Amino acid sequence: MTPLSLILFCVFVCLVLWLWCNRRFISVYRKVGSKHITKSEWYSFLFRSDREEVLKSLHSISDHAITNGGLSAIWMLHRFYLIIAGAEDAEYVLKYHLEKDDLMWALRFYTRTSSVFATVPIWRPRRKIISALLSHRNVTKFEPVFAKNSKILTEQLQPHVGKDAFSIWEHLNALTLDITCITILGIDLNSQMNLQDPLRTAVTGVMDLAGEILMQFWYHVEFIMKRTKNYRKFLKYDQVINDYVNVAMKKHAQITKDDSKTLSIDNEEGEAFSLLHLLTELKEQRGFDHTMIHDESLGLLLAASETTAVSSSMVCVLLSRVPHVQHKVYQELMEVFGESDRDVTNEDLPRLRYLEAVIKETQRLYPPGPYITRKALEDFVLPSGVEVPKGTNFLISIYALNRNPKYWGPDADEFRPERFLDGSFSEKTIHFAFSNGPRGCPGTVFAMMVMKTVLATLLRQYRLLPAAPGAPLRFQLGLTSKAVDKFSVKIQLRVDRKSV
């Protein structure tokens, strides 16, 4: 047998073995059906770092899932994925199948044991604690912090009044990081005063790098990843973040040691304690170790500051492009606040119903996290009747679920906040912007309170204008979906509060 013949024989044997080992996945793939993937789309998935093209490809496959009865199938190298665009299937998977898929392995180098991406055995004992720490009762105590930083934002935006377009993301990201540092770490960062603050640079850098490793398959091999330039950059950013977290941990450990008062989750007192302070207090009560407290603080710091800033920035971009909606928001603000410049309070937030509808509609069309992954650890049957073999990966398309005409009607692709006020969609329709099920986002209350406070303060002071009227909106994929132009807008000062 010649060397070439031997090579061909080995390739043939490997192919047969692969087909045999994956025969159950192949059967599902044939039954469900798949969108035809072009060569350029495959190239985007496997080799390109062009996150815009990758996101377009995923959206195209998600659109196929909508028209294909809520499901589509795809192979990403050796991994088999079911793309879900049907609400019943998505709800079932998110409720009963809690393990993240294999892609999350690489992200855990960045987030460690943080429950955001942790395996189920790590996540499960922590979920109730984290949810309770981010409960409405605890979060409302920080409304003065949200209001104070919102006022700082309006001051920092003054140099942009009447000028060229600028990235409002940069300012909102600094604001949400400042709020997150206070509420989670108990640290006054004040990065709004210095957009080049080392911690902000490190946090945004880590989030960008984490998104990068999802795009290129060679980062999923530990030996290779640890020898890349990006990993060396991560280590530098990681050291900066760790220094801040460790300083905060020592501070709260000393406070807890010196303070004879014992705190508890959802404590009834009016004082606002950072989440790290409460975690440190619970260290003795619940047997938490240093690593758990450190990693949870790190994960919350990264997740909370990023997603809230992305959603707030997208609201600003859409309002700048849809002036009649911005007009209605401003009218509501005038009804609640009049012409006063007073701070937003907890009592004001429930009255901002239209603003909340605008936020929800923005998150419906442009969810900060457009895809969620899961992995089947056992055989089961989806509500749609598809038999799922153990080892199947799921890509739950929040993008498709929130645009599926089956649930949202024929105007599903239109920006119409009124749908959340007039009951024009089914009561059974699920708004998947914050995921769903036991592993849904625990910071929903936190994020909504921050966004309503920030936007109410901003829009009373400024009118938003589009950066490039009529230009298409372009996005790129990372851990969150961000605008290519970094959410650019223009602003004008509202000189006469009676005019809009």
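The values are calculated or read from the model by the stated rules, or taken from the named source; none is laboratory data. Keep in mind it's a predicted model, so treat the numbers as computed, not measured. FYI the Cβ positions are ideal-geometry reconstructions off the backbone, even for glycines, and counts take in every protein chain you see.
Just a few scattered comments:
- Flag set for Gln196, criterion: within 25 Å of Val247 (Cα to Cα) and surrounded by fewer than 21 Cβ atoms within 10 Å (Cβ to Cβ).
- The listed residue being surrounded by 20 or more Cβ atoms within 10 Å (Cβ to Cβ) and either of a type outside the set (Asp, Glu) or touching a strand residue (DSSP E or B) at 6+ places or on another chain (Cβ under 8 Å) (or both), out of Pro405, Pro383, Pro389, Pro370: Pro370
- Qualifying position, being at pLDDT 95 or above, crowded, with 17+ Cβ neighbours inside 10 Å and closer than 30 Å to Val161 by Cα, among Ala456, Ala483, Ala447: Ala456
- Subset of the stretch 236-246 [over 23 Å from the mean Cα position of the chain (by Cα) and either more than 17 Å from Leu300 (Cβ to Cβ) or free of Cβ contacts under 8 Å to residues at least 40 places away in the same chain (or both)]: Lys236, Gln239, Asp243
- Considering residues of the stretch 106-122 that are assigned to a helix (DSSP H, G or I) and touching a Phe, Trp or Tyr at 6+ places or on another chain (Cβ under 9 Å) only, the residue farthest from Asn190 (Cα to Cα): Ala106
- Scope the stretch 61-82; condition over 19 Å from Trp408 (Cα atoms) and either of a type outside the set (A, V, I, L, M, F, W, C) or crowded, with 18+ Cβ neighbours inside 10 Å (or both); matching residues: Ile61, Ser72, Ala73, Ile74, His78, Arg79, Phe80, Tyr81, Leu82
- Here Lys95 does not fit the description of being in contact with a Lys or Arg (Cβ under 8 Å, 6 or more places away or on another chain) and either surrounded by fewer than 19 Cβ atoms within 10 Å (Cβ to Cβ) or in contact (Cβ under 8 Å) with a residue 12 or more places away in the chain (or both).
- Residue, surrounded by the fewest Cβ atoms within 10 Å (Cβ to Cβ), within the stretch 459-472, restricted to residues that are part of a helix (DSSP H, G or I) and not hydrophobic (A, V, I, L, M, F, W, C): Gln461
- Failed condition for Asp63, given (1) without any contact (Cβ under 8 Å) to a residue 60 or more places away in the chain; (2) out of contact with any strand residue (DSSP E or B) (no Cβ under 7 Å at 6 or more places or on another chain); (3) in a helix (DSSP H, G or I): (1)
- Flag for Pro367 being under 21 Å from Asp413 (Cβ atoms) and of a type outside the set (Val, Ile, Thr): yes
- Taking the stretch 299-404 as the region of interest, the helices (runs of 4 or more DSSP H) fully inside it that hold 2 or more residues being under 20 Å from Tyr462 (Cβ atoms), modelled with pLDDT of 95 or more and aromatic (Phe, Trp, Tyr) are 323-337.
Residues are listed down the side, and each one gets a yes or a no for (1) closer than 30 Å to Ile152 by Cα; (2) among the hydrophobic types (A, V, I, L, M, F, W, C):
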| position | (1), (2) |
| --- | --- |
| Ser305 | yes, no |
| Ala309 | yes, yes |
| Leu352 | yes, yes |
| Thr373 | no, no |
| Ser384 | no, no |
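- Among the residues here, Phe45 qualifies as in a helix (DSSP H, G or I) and either modelled with pLDDT under 85 or at positive phi (or both).
- When each of Thr119, Thr140 is tested for being among the hydroxyl-bearing types (Ser, Thr, Tyr), in contact with an Asp or Glu (Cβ under 7 Å, 6 or more places away or on another chain) and at pLDDT 85 or above, the lone residue that passes is Thr119.
- Failed item in (1) of a type in the set (D, E, K, R); (2) farther than 30 Å from Tyr110 by Cα; (3) surrounded by fewer than 20 Cβ atoms within 10 Å (Cβ to Cβ), with Glu378 passing the rest: (2)
- The C-beta contact set for the stretch 375-388 (first residue without any contact (Cβ under 8 Å) to a residue 12 or more places away in the chain, second residue in a strand (DSSP E or B) and surrounded by fewer than 18 Cβ atoms within 10 Å (Cβ to Cβ), distance under 6 angstrom, 6+ apart or interchain) comprises Val381/Glu387.
- Within the stretch 289-299, tally of residues that are surrounded by 24 or more Cβ atoms within 10 Å (Cβ to Cβ) and in contact with a Leu (Cβ under 7 Å, 6 or more places away or on another chain): 2
- Any hit, the stretch 150-168, residues being within 30 Å of Tyr219 (Cβ to Cβ) and within 20 Å of the chain's Cα centre (by Cα): yes
- Test: residue in the stretch 283-296 that is assigned to a helix (DSSP H, G or I), among the β-branched types (Val, Ile, Thr) and at pLDDT 85 or above: no
- Filter result for Leu134 (surrounded by 19 or more Cβ atoms within 10 Å (Cβ to Cβ), within 21 Å of Leu298 (Cβ to Cβ) and touching a residue at least 12 places away in the same chain (Cβ under 8 Å)): yes
- For the stretch 469-495, the set of residues classified as of a type in the set (A, V, I, L, M) and closer than 19 Å to His171 by Cβ consists of Ala483, Val484, Val489, Ile491, Leu493, listed by residue number.
- Residue match in the stretch 410-426 (condition: modelled with pLDDT under 90 and in contact with a Lys or Arg (Cβ under 7 Å, 6 or more places away or on another chain)): yes
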